[in-house]
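Asker: The structure follows.
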Amino acid sequence: MADLIEQNNQVFGNYYDRINNLILKTKQNVVKNINSEMVELYFEIGSTINELIENYNLEASQNEILKLFSEKLTREFGQGFSVPSLKKMKKFYLTYKGGSTLWNQLSWSHNRLIMNIDNEAKRNFYLEETIKSNWSVRQLERQINSFYYERLLSTSEEHKEEVKNEINILEKKEKVQDFIKDPYVLEFLDIKDRRFLEKDLESNLLEHISEFLLELGRGFSFVARQKRIDVDGDNFYIDLVFYNYVLKCFVLIDLKLDKLAHQDIGQMDFYVRYYDNEIKAEDDNPTIGIILCSDKKDTIVKYSVLNDNKNLFASKYQLYLPTEEELAREIEKQKEEFEDKE
């Protein structure tokens, strides 16, 4: 048998590749079909919620209504129907009603990024480009955060292809296996694989902290999630990046699900120093970092401030930033809600 395979190695290899491609193509089609059904469902849920709110003039009671829906839906169908998620579904419907239908060709993860773009022409551009170029979620996020639309408009015709192709060098395309691990797909299918629970918790906490900071009304503006920085060819990812326009400074957040270690503080100091040296404008104030450490026993929040900026932090920053205790309480609250759903 070994001799037969060795003699016909190329033939066997070709047939194996055909089988391999069939499996990968089918898996990709399955995931695309699931995503298509998901986004259609979320659009219809958003439409239904909007109809109820508008027909009965219930804008003032929207949060209470969504909380009731969320509790009942979560009990019956599992994760994916939190109040913030239901609000996003309503926004999703309002964004696209009577407009482009290209959204149903993209995943929910893609749509969550694109629907936050207010300008319709810009939004439609990213819809079309994501479909045409088959961008992964990370590639799309990078293009939006790096002002790809604006850069392309201002680039001369002979250099447009160079701008279009740079994303494939900076961010590699996802494999089919990565599509299957999309946390929103797993959540929709109510898959409670232990390997993904920590990632789900991390995603849940980061989303909650984002909303918490934005709802504080103290000048926070969202910049990026999983912000990629390149240092001497090595890639690093910062969990959350905000800009506070009252303090005129960047705020970096890193979440750890284990005990706080010295290297975590060192890593955040490295991020803060990088932003101070490479990103912030001359008239910006120094960058600050927040380490959220949430192991099973305890939650610790630590502000990371470089030594020469500590006086500024104490005198001005703390007037607008939540305290470490406030942030810790929010994390504990969200952990309890997350564990109740399991």
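Asker: How much length, in nm to one decimal, is gained on full extension between Asn14 and Leu153, taken as 0.36 nm per residue of separation minus their Cα-Cα distance? Walk me through the numbers before you get to the answer.
Answerer: On the way: separation 139, 0.36 × 139 = 50.04 nm, distance 4.41 nm.
This chain segment gains 45.6 nm when fully extended.
Asker: Any of Lys32/Lys122; Lys32/Lys132; Lys90/Lys122; Lys88/Lys256; Lys67/Lys90 with alpha carbons more than 18 Å apart? Name them for me.
Answerer: Lys32/Lys122; Lys90/Lys122; Lys88/Lys256
Asker: So, R0 is 25 Å and r is the distance between the beta-carbons of Ile279 and Glu161; what FRET efficiency does that work out to, to 0.05?
Answerer: Working: r = 28 Å, r/R0 = 1.11.
Working from the Cβ atoms, E equals 0.35.
Asker: Could you sort the peptides 52-59, 129-136, 82-89, 262-269 by per-residue average Cβ neighbour count (10 Å cutoff), highest mean leading? Walk me through the numbers on the way to the answer.
Answerer: Values: 52-59: 11.0, 129-136: 16.8, 82-89: 19.8, 262-269: 14.6.
Going by the mean number of other Cβ atoms within 10 Å, highest first, we get 82-89, 129-136, 262-269, 52-59.
Asker: Full extension from Ser61 to Asp230: what is 0.36 nm times the residue separation minus their Cα-Cα distance, to one decimal in nm?
Answerer: Gain on extension, Ser61 to Asp230, equals 56.3 nm.
Values quoted throughout were computed directly from the atomic coordinates according to the rules given, and no laboratory measurement underlies them. Just so it is clear, the structure is predicted and the values come from calculations on it, not from any experiment. No Cβ is skipped: glycine too gets one built from the backbone with ideal geometry, and neighbour counts run over all protein chains shown.
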